[in-house]
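The values are calculated or read from the model by the stated rules, or taken from the named source; none is laboratory data. Owing to the predicted nature of the structure, the values given are computational and were not obtained by experimental measurement. FYI the Cβ positions are ideal-geometry reconstructions off the backbone, even for glycines, and counts take in every protein chain you see. Surface areas here come from the heavy atoms of the whole protein model, side chains and all, with no ligands, DNA or RNA. Shrake-Rupley method; radii C 1.70, N 1.55, O 1.52, S 1.80 Å.
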Amino acid sequence: MILVAVFGVALLVAVLLSGLAARTVLSTSFLFLVGGALVSDGFLGLIHITPDSEIVAVTADLALFAVLFTDGMHVSFPKLKENWKNPARALGFGMPLALVGMALITHYLVGLDWTTSFLVGAVLAPTDPVFASAIVGRKEVPSKLRQLLNVESGINDGLALPIVLILIAAAGPTAGHAESDLGKIALELVLGLGFGVVLPLLVSGLVRLPLLGAEPKLQPLLPLAIGVILYGLCHLTHANPYLAAFSAGAVLTAVSPEAKNAFEPLGEALAELAKFAALLVFGALLTPTLFGDLSFGGYVAVVLAIVLIRPASMLVSLVGTRFDRRERLVAAWFGPKGFASVVYGLLVLQAGIPHGEEAYTLIAVCIAFSIIAHSSTDVPIARIFHVDDLAGIDSGHEDDPVGSGGNGPATAVPAERGDR
């Protein structure tokens, strides 16, 4: 119950400071991360959590599922059909470049073998826009930029997972069974995508039957029921839950916009709670011992991963696109490591592979640095698009043109994701 009480206190503090955080570099994500660290064994010792604790894997898994489900609801198939090339470039060129780049610096700066180095690269390749909400969740920011980051982050989690699992198998005692592992992983991805598409379609069809239908006050619970069933079904069948979550959110929005609109406030709140809980638990793992175990070369690799590898890979993938220089730089910077990397990093640690603990230390420190760097810079960088205060407070610049087009006044629009 101590953990519950700590979470309640952290949540209260975050809510009270959220207005300030929306206008400054202060981040509620950072508050939960620091809060978890303060109450852990490394400092106050109020809670005792280790990487192999079940609560760590469960909270990270739930948070990633919830975030991807709500992220999927922000995908517009008509707009995606018109602008699919940009996310495809990021996923087809940027992500592999980031993976290889991270593997190179991990091998040469940290000294890990090639298999483990590529494993670290695969774990840190997925991005998570939940820590860059002022960019992804603001309508004033050009839609093609928001869609690029949102679609990229929603899909790259599922794309990275099979690579992570194959490399874990290659680095461990099951290295001789790579072909069977590949077939199993492919089946899990197909099942996840299938469940994510079929379940929303099935429920949407049931709702349209004459004798069925949700009472208005219970309508928000319909997508929630889909999410709960999908989560349980994926874990029972070992289907990929992350690909299922993102595809289910996107399909539900396409076939039932009214369900999406009814669920959105509740869904965003639940995703926030799951995210905050995961951050608190992950923060409890960030002890002085963990940071002390990382070598100097490891810290150099972490810095390069954030300020060089992701930006360079994204800039290369966007060569020849219609993004202007400002939009390219913003897209290149916002490649935060999030819950997918946490979950995959725990898989590496729990697999018992050689150098697994060393790889996990590098991954955990990189995630922590990324959360701090990206969640504290989203609001200042969003200002270049003339975005008003995220808290909806008049900033005194009502006459500023909207950065994406300059065709009208910038008004304070409620954020699609209020997770600062």
- [ ] Report, please, the projected area of region 177-334 averaged over directions, based on the convex hull of its C-alpha atoms, in nm².
- [x] 14.9 nm²
Open item on the list: Taking loop as defined by DSSP and a crowding limit of 16 other beta carbons within 10 Å, which chymotrypsin sites (Phe, Trp or Tyr not before Pro) in region 33-140 fit?
Closed with: Phe43, Trp84
Task: J(HN,Hα) series, region 205-212, from Karplus relation 6.51 cos²θ - 1.76 cosθ + 1.60, nearest Hz, glycine and proline x - done: x, 5, 4, 7, 5, x, 8, 10
Task: FRET efficiency for Phe93 and Arg322, using Cβ-Cβ distance with R0 set to 22 Å, rounded to 0.05 - done: 0.85
- [ ] Springs between alpha-carbon atoms under 10 Å, Gaussian network over the chain: tell me which of Asp61, Asp157, Asp41 tops the mean-square fluctuations.
- [x] Asp41
Task: Per principal axis, descending, Cα span of the chain in whole Å - done: 54, 53, 52
- [ ] Just subtract the alpha-carbon distance of Leu38 and Val307 from 0.36 nm times their residue separation and send over the number in nm, one decimal.
- [x] 94.1 nm
Task: Residue-wise HN-Hα coupling along region 109-118, computed from phi with Karplus coefficients 6.51, -1.76, 1.60 (Hz; x: Gly, Pro) - done: 9, 9, x, 6, 5, 5, 4, 5, 5, 5
TODO: Per DSSP H run of at least 4 residues, take -39500 (n - 2.57); add these up for the chain, divide by its residues and hand me the 222 nm value, nearest 500 deg cm²/dmol.
DONE: -21000 deg cm²/dmol
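Expressed as a fraction of 2.2 N^0.38 Å, the rule-of-thumb size for a compact globular protein of N residues, what is the C-alpha radius of gyration of region 328-367?
In units of the globular-protein estimate, region 328-367 measures up at 1.40.
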Open item on the list: What does the extension gain come out to for Lys79 and Val9, with contour length at 0.36 nm per residue minus their alpha carbon separation?
Closed with: 21.1 nm
Open item on the list: Could you tell me how far the Cα centroid of region 286-336 sits from the Cα centroid of region 226-267, in Å?
Closed with: 30 Å
TODO: Take a quick pass over the chain and tell me how many lysine pairs come in under 28 angstrom between Cα atoms, counting only ones 8 or more apart or on separate chains.
DONE: 26
- [ ] State, to one decimal in nm, how far the label point of Val255 lies from the label point of Leu315, with both points 7 Å from Cα in the Cβ direction.
- [x] 4.4 nm
TODO: Per residue of region 80-96, in order, report the coupling 6.51 cos²θ - 1.76 cosθ + 1.60 (Karplus, θ = phi - 60°) as ³J(HN,Hα) in whole Hz, putting x for Gly and Pro.
DONE: 5, 5, 6, 10, 6, 5, 5, x, 5, 5, 4, 7, x, 10, x, 5, x
TODO: Keeping all protein chains in position, work out how much accessible area Leu209 exposes to a 1.4 Å probe, and write it in Å² to the nearest 10.
DONE: 80 Å²
